[in-house]
Amino acid sequence: MMRRVSQRASRCAVLGAALAAVSIAGAGDAQAQAAPAVSAAMDRAISRARALVDSGSGSDARNVLDSLVGAAANANDLGEALFWRAALAERIGDAERDWKRLIIEVPLSPRGSDALVRLGELEMLRGHPVEARTYFSRVVREYPGGAATARSQLWIAKSYVAQRDLPRACVALVDAAATGVPEGELRLQAEELGRQCATVDKALIAKASEVPAKPTTKPTAAVPGNGKFSVQLAAYDTRAEADASAKRMVSRGIDARVDGDVKPFRVRAGYYETRAAASAALATLKKRGQTGFIAEIAK
């Protein structure tokens, strides 16, 4: 019994170390990109927290970041605070929770694509390539042309490699090349995968590249009926933000709507007569990389 516990602890320690390396490296890449529109006060406070971590005062840094999350004055500040609290977290669970909170509560934050990439990388480290691909695919679909797009395209290719599906990996690599793989480690990884793809039968790659035809019928819109439950996906202080978020989700095939006439404006999906039915719908959404929770509809 003690041996199994020890082995489990060892696996968790290895995963934690790997995630920390990915997070800090990715955070550095994000810092090098165009700075998100956050307040000067938030930017200074984040710099102070990072300096504390660099000096070995991780506990003090986390206290600063906790206060920043609680005192964020706007969506961009909250997204920035959540992103860095996750990137500098000691525990995997804490990082994952903040990145998921970011994409639920402030999906329009400039850090949204970064959070999705980090969640995808975490699933890859766990050995879950299918789950990882849902996050990377969201980056490609929702942030086309963004700085995280090429990184996500390459991760999609690597997720197929992890499944031993090299033809599909090669197709994804072509998409990554079209986006433009930046210089450095990512370019080296892409070149190595390209050499592997040169040995793959072109007929297999062609078959893997076939795109299924889109359905010709539109999905039936949800109606309230006797629904008592819904899946809540996000909430905003302004109607404009909520409408923009719902529109993005509808473009992904989610029957999102905005509930409420005063803030918070809630972005929700579906009407369900039972909590079990709503839970099943939420489980389906999570497989697509969309998180949320069950909400009871007020009558």
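The values are calculated or read from the model by the stated rules, or taken from the named source; none is laboratory data. As the structure is a prediction and not an experimental result, all values here were calculated from the model. Methodologically, a virtual Cβ is constructed for each residue, glycine included, from the backbone with ideal geometry; neighbour enumeration extends over all protein chains shown. What goes into the accessible areas is simple: the full protein's heavy atoms, side chains included, and nothing from ligands, DNA or RNA. Shrake-Rupley method; radii C 1.70, N 1.55, O 1.52, S 1.80 Å.
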Completion exercise
Taking only Cα atoms of segment 241-299, the Rg to Rh ratio with Kirkwood Rh works out at 0.95
Practice task
Would you calculate the separation in nanometres between label points at Arg288 and Ala203, each defined as 7 Å from the Cα along the Cα-to-beta-carbon direction?
Solution key: 3.6 nm
Exercise for the section: Kindly list the residues of segment 265-299 that lie in the label zone of Arg252, defined by a backbone N under 12 Å from the point 7 Å along the Cα-to-C-beta vector. Expected result: 285-292
Handout entry: Segments 197-205, 62-70 sorted - mean Cβ within 10 Å per residue, highest first
Key = 62-70, 197-205
Handout entry: List Phe229, Phe136, ordered by accessible area with a 1.4 Å probe, largest first
Key = Phe229, Phe136
Practice task
Please give the contour-minus-distance gain from Arg195 to Ile297: 0.36 nm per residue of separation, less the Cα-Cα distance, rounded to one decimal in nm.
Solution key: 31.3 nm
Handout entry: Cα pair count fraction exceeding 14 Å, expressed as % - segment 119-207
Key = 61 percent
Exercise for the section: Compute the length gained on full extension between Val130 and Ala277: take 0.36 nm times their separation in residues and subtract their Cα-Cα distance, giving the result in nm to one decimal. Expected result: 50.5 nm
